[in-house]
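Notes for the one structure printed next.
The values are calculated or read from the model by the stated rules, or taken from the named source; none is laboratory data. Just so we're clear, the structure is a prediction, and the values are computed from it rather than from any experiment. All Cβ positions, glycine included, derive from the backbone under ideal geometry; neighbour counts span all protein chains shown.
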Amino acid sequence: MFTALDRVCPQHAILASNTSCLSILDMAMVTKRPAQVIGMHFFNPVPIMRLVEIVRTILSSDEAIDAAKSFSQSLGKVVITAKDMPGFIVNRLLIPYLLGAIRAFEAGVATKEDIDQGMALGCNHPMGPLTLADFIGLDTTYFIACAMYDEFRDPLYAPPPLLKKMVTAGQLGRKSGKGFYDYK
């Protein structure tokens, strides 16, 4: 896609990806403008979530980063800047949290409801980790965890067997109507 965009977009255009995990540098290197390729990771639901992670590769220009920051701020977003590494900032912290909750459920530590209520009420989170995983999509959570594990080889990022089984079974959360909870 970035090769095609590179051909049809004006030379001054900045190309950005909303990925939450893929390598921005890999995208940049299939273009003739790697300094103008950046990440702009918006959070879901975009109209409500105020954050944008701007992702800088080792080749990103200051001008491209500054333009992305200005554009994001013009949308009323708060901007944070991350290096181009799997998970960036938020998912690097979020994915181990979600995987830990799945492991706790899988081990029978507590019910899914108690795990979710414990984190929502005990830590003042807007929703529990299993509800959040369903909202994000269990396939997306699994994909990000795999990419992070492949990069870092840290067991913290290794997807639990239950997550893989649920994805294989098509239980993807809200998008499929069933995940940790039933949405039908």
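Some notes on this structure:
- So residue 110, is it surrounded by fewer than 21 Cβ atoms within 10 Å (Cβ to Cβ) and touching a residue at least 40 places away in the same chain (Cβ under 8 Å): no
- Boolean, residue 8 is of a type in the set (A, V, I, L, M, F, W, C), under 25 Å from residue 144 (Cα atoms) and either surrounded by fewer than 15 Cβ atoms within 10 Å (Cβ to Cβ) or not assigned by TED's automatic domain parsing to the domain that holds residue 74 (or both): no
- Filter result (of a type in the set (D, E, K, R), within 18 Å of the chain's Cα centre (by Cα) and over 14 Å from residue 136 (Cβ atoms)) within region 155-177: 164
- Positions within region 75-101 being among the aliphatic types (A, V, I, L, M), in contact with a Phe, Trp or Tyr (Cβ under 8 Å, 6 or more places away or on another chain) and either crowded, with 17+ Cβ neighbours inside 10 Å or on the phi > 0 side of the Ramachandran plot (or both), in sequence order: 82, 95, 99
- Qualifying residue in region 30-44 (condition: polar (S, T, N, Q), crowded, with 19+ Cβ neighbours inside 10 Å and outside any helix (DSSP H, G or I)): no
- Screening region 11-29 for residues that are surrounded by 16 or more Cβ atoms within 10 Å (Cβ to Cβ) and part of a helix (DSSP H, G or I) and picking the one that is nearest to the chain's Cα centre (by Cα) gives 24.
- Among the residues of region 73-113, those that are among the small types (Gly, Ala, Ser) and touching a Leu at 6+ places or on another chain (Cβ under 9 Å) comprise 87, 100, 101.
- Residue list for region 45-75, filter: in a strand (DSSP E or B) and aliphatic (A, V, I, L, M): 51, 52, 54, 55
- In the set (1) of a type in the set (Gly, Ala, Ser); (2) in a helix (DSSP H, G or I); (3) assigned by TED's automatic domain parsing to the domain that holds residue 162, the condition left unmet by residue 108 is number (2).
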